[in-house]
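Shown next, in structure tokens, is the structure this report addresses.
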Amino acid sequence: MNIVREELDANYPNLHLVGRNGMHKYNNQDHAMMTAMLCAKNIVAGENLFDLWQVNQDAEYTKPARRRAASSG
């Protein structure tokens, strides 16, 4: 999945994947909606403040990605 994500990021920077079907990973309904809301914030800001792939991974996903850059993978 990481190879696919890297390829999409490199070739389709304006493509935003959210929710269960868009991200091809299981999230409960709350997490699926959270990815959509954080994605909208990223679009409005014009930059990736939030790493959507961290939703449902840990309790830190609502913090801006730039503050966690050293720990993201």
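The values are calculated or read from the model by the stated rules, or taken from the named source; none is laboratory data. Bear in mind that the values here come from a model prediction, so they are computed numbers and not experimental data. Counting neighbours? That spans all protein chains shown, and the Cβs are built from the backbone with ideal geometry, glycine included. These accessible areas exclude ligands, DNA and RNA; they are computed on the full protein's heavy atoms, side chains included. Shrake-Rupley method; radii C 1.70, N 1.55, O 1.52, S 1.80 Å.
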By residue number, the members of the stretch 36-58 that are within 15 Å of M1 (Cβ to Cβ) and not hydrophobic (A, V, I, L, M, F, W, C) are D51, Q54, N56, Q57
By residue number, the members of the stretch 27-48 that are open to solvent by less than 30 Å² (accessible area, probe 1.4 Å) and among the aliphatic types (A, V, I, L, M) are A32, L38
Scanning the stretch 11-26 residue by residue, those hydrophobic (A, V, I, L, M, F, W, C) and open to solvent by less than 80 Å² (accessible area, probe 1.4 Å) turn out to be L17, V18, M23
Notebook entry, point to check: Within the stretch 54-68, is even one residue in a helix (DSSP H, G or I), at pLDDT 75 or above and of a type in the set (K, R)?
Noted result: no
So, first residue without any contact (Cβ under 8 Å) to a residue 60 or more places away in the chain in the stretch 31-43, second residue part of a helix (DSSP H, G or I), Cβ within less than 7 Å, six or more apart or across chains; the pairs are A32/G19; A32/R20; T35/G19; T35/M23; T35/L52; A36/G19; L38/L52; C39/L52
